[in-house]
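Working notes, beginning with the structure itself.
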């Protein structure tokens, strides 16, 4: 095993001989020098793994030496060691991206801890994460056999996402494969649970928050005349994507509560998002607002009247609030709203629907470059982060914090990476979605779907007489027997929604107060 090469720079290096001997016994290789100029020459000539650098030396100072070392090798970890506790020295060192900051006198174990933190960090975290998941694996398996309520499923899904995010950053890919098998088993059980309970929930008092009650359950309780609320609905955002965006939000807002709710079926924009803003189930929208509602087979956009739906819900609930509604579907419209965001400070409620993540999932189906960039869930999350950090939406969130607004972040439904085809046959007018179908003369594999023969039973409109709804399970997608192989090849490993899975149905809705 190769020894770790350390450069230790200190004008009193002879006094540190015991420390150096201690490290050499631990199998570290230590090169020493007494001034910054020699240190710079050594870094130019040799490959070191880490540098311990005294801040207070004659000639070139530690901070000046640090700057030169970073110009030679910006990725070389440098640990600053100093007698001084002056704040400006700490700030300059931290600003120069030091790896650690130690105050003299240092003992050998402090040095050893700093080495492990900077050089063995990945290995130690990997070993600890693997060990922790191995211990948790059996508990998750036991819990999966016993989960029997919607709150249990929320907890289970959050636990699986937690471990997915932990395991994706370690070297042992085998652990992630084991977790994937647990997620698959969880979705198998979740499908059975939804199939058994969904219809009864809709007419019961004991049910989770659904799409059509999100506004009443989570938004209204946070409205006040003293503080505006920014309500952001990011289309098609899964819980795991929300989790990787959250650290950026936390720089500006403090989370007051994290809720989870269930998307209605179908987990598709025209149903779930219209339900959010109308406060109604789809069959109720069709009845009360026929001028706004469109079925799958109708011509034209299906989400053109969300602002009108929201206005009607506010009026129906007797709320006296100033509000504005903004749907962002282009970069220009996002930038324009960000530039003029201060105009929202008079609002009790500002609603933003942001439509990027949905476009990203569709682009993965249609564009080869996106298929490669978002080849799996980890890459898909990474693309989501890259977009968010540089988006007008993040700019608006920061401006909301400066205006003292509360922030509510949610979505309408999630999405799942579809890998398994299941055959479906119907007449030419059946709906086109790959995760649910409605229409006449449907033929399908019973074991693969939740079939609702009378849509009114789950508050869905009947497109025509004898037009059931069918929803796929797990990671399945519908494929027609005609041109089957081409269809499967085109849609396999693409992100779809509309069916029944943990990823599509269990939705984050978090409330934040400004820092």
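Numbers below:
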read-out	value
Those strands (runs of 3 or more DSSP E) lying entirely in segment 1-98 with at least 3 residues more than 41 Å from the chain's Cα centre (by Cα)	28-33
Residue 481 surrounded by 15 or more Cβ atoms within 10 Å (Cβ to Cβ), not in a strand (DSSP E or B) and not assigned by TED's automatic domain parsing to the domain that holds residue 232	no
The lone exception for residue 186 - which of (1) within 18 Å of the chain's Cα centre (by Cα); (2) in the same structural domain as residue 137 (by TED's automatic domain parsing); (3) surrounded by 18 or more Cβ atoms within 10 Å (Cβ to Cβ) it fails	(1)
The one condition in (1) surrounded by 13 or more Cβ atoms within 10 Å (Cβ to Cβ); (2) under 22 Å from residue 26 (Cα atoms); (3) at pLDDT 80 or above that residue 126 fails to fulfil	(3)
Criterion (within 28 Å of residue 394 (Cβ to Cβ), in the same structural domain as residue 311 (by TED's automatic domain parsing), touching a strand residue (DSSP E or B) at 6+ places or on another chain (Cβ under 6 Å) and crowded, with 18+ Cβ neighbours inside 10 Å) met by exactly one of 253, 215	253
Odd one out for residue 438, checked against (1) surrounded by fewer than 21 Cβ atoms within 10 Å (Cβ to Cβ); (2) in contact with a strand residue (DSSP E or B) (Cβ under 6 Å, 6 or more places away or on another chain)	(1)
Every residue from segment 295-310 that is surrounded by fewer than 15 Cβ atoms within 10 Å (Cβ to Cβ) and either at pLDDT 95 or above or over 30 Å from the mean Cα position of the chain (by Cα) (or both)	297, 298, 299, 300
Segment 286-309, residues that are touching a helix residue (DSSP H, G or I) at 6+ places or on another chain (Cβ under 6 Å) and in contact (Cβ under 8 Å) with a residue 40 or more places away in the chain	293, 306
The listed residue being in contact with a helix residue (DSSP H, G or I) (Cβ under 8 Å, 6 or more places away or on another chain), surrounded by 12 or more Cβ atoms within 10 Å (Cβ to Cβ), at pLDDT 90 or above and not assigned by TED's automatic domain parsing to the domain that holds residue 239, out of 97, 159	159
Search result, residues across segment 197-212 that are buried (at least 19 other Cβ atoms within 10 Å of the Cβ) and assigned to a helix (DSSP H, G or I)	198, 211, 212
Those residues of segment 322-332 which are part of a loop (DSSP other than H, G, I, E, B) and touching a strand residue (DSSP E or B) at 6+ places or on another chain (Cβ under 9 Å), in sequence order	322, 329
All positions within segment 297-321 that are within 19 Å of residue 412 (Cα to Cα), in a loop (DSSP other than H, G, I, E, B) and in contact with a strand residue (DSSP E or B) (Cβ under 9 Å, 6 or more places away or on another chain)	303
Residues that are buried (at least 23 other Cβ atoms within 10 Å of the Cβ) and either modelled with pLDDT of 90 or more or closer than 16 Å to residue 188 by Cα (or both), drawn from segment 448-478	449, 460, 469, 470, 471, 472, 476, 477, 478
Residue in segment 265-287 that is loosely packed, with under 15 Cβ neighbours inside 10 Å, more than 28 Å from the chain's Cα centre (by Cα) and in a helix (DSSP H, G or I) present	yes
Matching entry among 235, 226 (being without any contact (Cβ under 8 Å) to a residue 12 or more places away in the chain and either more than 15 Å from residue 407 (Cβ to Cβ) or out of contact with any strand residue (DSSP E or B) (no Cβ under 7 Å at 6 or more places or on another chain) (or both))	226
Elements of type helices (runs of 4 or more DSSP H) contained in segment 346-433, each with 1 or more residues being under 22 Å from residue 264 (Cβ atoms)	356-366
Residue 280 in contact with a strand residue (DSSP E or B) (Cβ under 9 Å, 6 or more places away or on another chain) and either within 30 Å of residue 156 (Cβ to Cβ) or at pLDDT 95 or above (or both)	no
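Each row is one residue, and each column tells you yes or no for (1) surrounded by 17 or more Cβ atoms within 10 Å (Cβ to Cβ); (2) part of a helix (DSSP H, G or I); (3) outside the structural domain of residue 310 (by TED's automatic domain parsing); (4) at pLDDT 90 or above.
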residue: 142; (1), (2), (3), (4): no, yes, yes, no
residue: 169; (1), (2), (3), (4): no, no, yes, no
residue: 180; (1), (2), (3), (4): no, yes, yes, yes
residue: 190; (1), (2), (3), (4): yes, yes, yes, yes
residue: 195; (1), (2), (3), (4): no, yes, yes, yes
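Residues checked against (1) under 26 Å from residue 109 (Cβ atoms); (2) touching a helix residue (DSSP H, G or I) at 6+ places or on another chain (Cβ under 7 Å); (3) surrounded by fewer than 20 Cβ atoms within 10 Å (Cβ to Cβ); (4) in the same structural domain as residue 103 (by TED's automatic domain parsing):
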| site | (1), (2), (3), (4) |
| --- | --- |
| 17 | yes, no, yes, yes |
| 34 | yes, yes, yes, yes |
| 53 | yes, yes, no, yes |
| 64 | no, yes, yes, yes |
| 81 | yes, no, no, yes |
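The values are calculated or read from the model by the stated rules, or taken from the named source; none is laboratory data. Every value quoted in this text rests on a predicted model; they were computed, and no experiment measured them. In this analysis, Cβ positions are derived from the backbone assuming ideal geometry, glycine residues included, and neighbour counts consider all displayed protein chains.
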